[in-house]
Structure formats: C-alpha cells, structure tokens
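A.B. asks: Just passing along the structure, written as structure tokens.
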Amino acid sequence: MTTTTDLESRNAAPRQDSQDPSIFGQTPWQTVGPYFHYGLPWKGGADLVSRSDMGARPDLMPPEHFLLSESNLSGTPQGEVIEIAGSVLDADGQPINDAMIEIWQANDAGRYASLDDTREDVPLDEHFIGFGRGSTDKGGVFRFRTVRPGRVPGPGNTLQAPHIALSVFGRGLLKRLATRLYFADGEGNETDPILNLVPESRRHTLIAQRKPDGTWWLDINIAGENETAFFDL
C-alpha cells in the first residue's frame with residue numbers, strides 16, 4: 001500500500017512534452033522559411049487610397065479560398081495619388097517571389113496617423129492610415145498605391161525630405177530589413193539628416209526614379225554588389 005509519506009518523497013516522472021529540457025534540450029534556432037507570405041497580406045493591403053485586391057496573392061490559392069477581407073477605407077485621402085513599385089532581388093540579382101513588404105508614412109501634410117505625433121498645427125487625414133502591407137508577385141515585384149507624403153521633422157530642428165519607410169520580410173531573415181524610399185525630385189533630399197547618414201556612394205539605393213507611366217520605382221537588393229542601404233534600428 002502506498003502511504004502519504006511515499007507520495008511526498010517520490011520524484012515526479014519527467015514531462016513527456018517539448019517543455020522538458022531534460023528530454024529534448026533547447027529548441028534550436030533556424031531561419032524563416034519556407035515563407036508563406038500569402039497568408040499575411042490582405043485584399044487591398046497595398047492600396048491606401050481605394051478599394052482593390054492590391055497586395056494579396058490570389059494566384060497562390062484557388063478562387064473559392066480567396067476569401068480575405070478587403071480594406072475598409074472611410075473615404076478618399078487628400079494629396080497626390082502615386083504608385084510605388086520595385087523588384088526585390090537576392091545577392092545574384094534574381095527576383096524573390098515570396099517576400100513581403102510593409103510601408104509606413106506620413107500623410108500629404110506631413111503628419112503620421114500615430115499617437116506619438118501630437119503636432120496640432122499639422123492636420124490629420126481621417127481617411128489615411130499611412131500603413132500598408134503587400135507581397136511580391138511571381139516576378140518578385142511589389143506595388144503600393146498611396147499618396148505622396150509631406151515633409152516631417154527630423155533630429156533637432158531639421159526637416160526631413162518626403163520619404164516612405166519600408167520593411168522587408170522573407171526567407172532567411174530572422175529580423176525585418178528596414179530601409180527608406182525617397183523621391184528623385186524630393187524637396188530637401190540634399191539636406192535630409194537621415195539620408196546624409198548613408199555613404200554618398202550608396203544613397204542612390206534609396207532614391208526612387210519616376211517611370212514614363214508615372215510609377216515611382218525602387219529596387220530592393222537584399223545583398224550583393226548593389227545591396228540596398230538598410231538601417232540598424
């Protein structure tokens with residue numbers, strides 16, 4: 001017969017699950033992949049100014065499964081509507097067709113839709129959130145439809161040139177890669193305090209050029225000779 005004393009002194013059996021390090025040891029680290037980005041974007045996630053499927057990948061799933069919700073825009077944002085695009089390329093210059101891009105930007109007046117931006121002298125735009133997410137297509141190209149941002153304050157009393165913050169997610173990346181898109185004709189590019197932190201020989205990797213169709217194009221090179229300048233945040 002088992003007594004109370006026996007139960008109190010008996011060692012408990014080891015847990016038979018992944019939480020017991022004596023059985024399985026520490027779970028090993030590994031890089032992200034395969035990267036199933038198509039479950040993360042949503043219909044219209046890359047369209048900040050109108051209702052569309054932009055940003056999602058309907059080609060990766062049967063039509064009956066393409067049931068993602070669309071963005072619920074409250075109205076038309078103010079400002080110049082633009083489209084930005086570019087290829088995401090690996091070290092060999094080959095397109096990456098399963099990357100995901102996020103953008104974050106100020107509105108046309110130069111104010112962010114964020115509680116951290118408390119400037120009352122710069123108007124908010126109730127129809128513009130400033131955040132978007134989209135996947136690259138089968139050719140490795142990302143696209144966003146948004147408004148051209150205004151200038152925002154920089155360190156000290158400086159003023160930054162119009163720009164859009166970009167985050168890159170994908171296979172083999174343990175952390176997102178953070179960079180920026182500036183416009184070739186942007187006011188204040190020459191004096192922008194952040195752009196001037198980048199060596200002059202690499203600043204062109206952050207400058208989008210306008211195509212004949214009006215699209216602002218900026219390739220993102222993950223590595224290699226033409227590697228994009230990324231920021232250590």
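A.B. asks: Check whether at least one residue in region 164-183 is more than 20 Å from the chain's Cα centre (by Cα) and assigned to a loop (DSSP other than H, G, I, E, B), and report yes or no.
C.D. replies: no
A.B. asks: Taking region 164-177 as the region of interest, how many residues are open to solvent by less than 10 Å² (accessible area, probe 1.4 Å) and over 16 Å from Thr136 (Cα atoms)?
C.D. replies: 1
A.B. asks: Tell me yes or no: at least one residue of region 154-167 is touching a Lys or Arg at 6+ places or on another chain (Cβ under 8 Å) and among the hydroxyl-bearing types (Ser, Thr, Tyr).
C.D. replies: So far as region 154-167 goes, yes, one or more of its residues are touching a Lys or Arg at 6+ places or on another chain (Cβ under 8 Å) and among the hydroxyl-bearing types (Ser, Thr, Tyr).
A.B. asks: Right, here's the next one. Hand me the list of strands (runs of 3 or more DSSP E) wholly inside region 42-143 holding 3 or more residues that are of a type outside the set (A, V, I, L, M, F, W, C), surrounded by 20 or more Cβ atoms within 10 Å (Cβ to Cβ) and more than 17 Å from the chain's Cα centre (by Cα).
C.D. replies: Qualifying strands (runs of 3 or more DSSP E): none found.
A.B. asks: Then there's this: Looking only at residues in region 184-209 that are touching a Lys or Arg at 6+ places or on another chain (Cβ under 8 Å) and outside any helix (DSSP H, G or I), which one is most open to solvent (accessible area, probe 1.4 Å)?
C.D. replies: Once the filter is applied, the top-ranked residue is Glu187.
A.B. asks: Further, regarding this structure: Are there any pairs with C-beta distances below 7 angstrom linking a residue in region 64-80 that is within 12 Å of Thr146 (Cα to Cα) and of a type in the set (Asp, Glu) to a residue that is at pLDDT 70 or above and open to solvent by less than 50 Å² (accessible area, probe 1.4 Å), with the two at least 6 apart or on different chains, and if so which?
C.D. replies: Glu80/Val147; Glu80/Arg148
A.B. asks: What tally of residues in region 58-92 results from selecting those that are more than 29 Å from Asp125 (Cβ to Cβ) and at pLDDT below 95?
C.D. replies: 13
A.B. asks: Looking only at region 114-145, which residues are hydrophobic (A, V, I, L, M, F, W, C), closer than 22 Å to Leu40 by Cα and either touching a strand residue (DSSP E or B) at 6+ places or on another chain (Cβ under 7 Å) or without any contact (Cβ under 8 Å) to a residue 24 or more places away in the chain (or both)?
C.D. replies: Phe128, Phe131, Val141, Phe142, Phe144
A.B. asks: Another question, if that's okay. Taking the condition of being loosely packed, with under 14 Cβ neighbours inside 10 Å, at negative phi and in contact (Cβ under 8 Å) with a residue 24 or more places away in the chain, how many residues in region 210-222 meet it?
C.D. replies: Final tally of qualifying residues: 1.
A.B. asks: While we're looking at this one, here's another question. With respect to the numbered conditions (1) surrounded by fewer than 19 Cβ atoms within 10 Å (Cβ to Cβ); (2) out of contact with any strand residue (DSSP E or B) (no Cβ under 7 Å at 6 or more places or on another chain); (3) under 25 Å from Ser50 (Cβ atoms), which one is the sole condition not fulfilled by Arg148?
C.D. replies: Among (1) surrounded by fewer than 19 Cβ atoms within 10 Å (Cβ to Cβ); (2) out of contact with any strand residue (DSSP E or B) (no Cβ under 7 Å at 6 or more places or on another chain); (3) under 25 Å from Ser50 (Cβ atoms), the lone unmet condition for Arg148 is (2).
The values are calculated or read from the model by the stated rules, or taken from the named source; none is laboratory data. Everything numeric here is computed off the predicted structure, so don't read it as measured data. For neighbour counting, all protein chains shown are included, and Cβ atoms are generated from backbone atoms with ideal geometry for every residue, glycine included. Areas reflect the complete protein model, heavy atoms only, side chains present, ligands, DNA and RNA absent. Shrake-Rupley method; radii C 1.70, N 1.55, O 1.52, S 1.80 Å.
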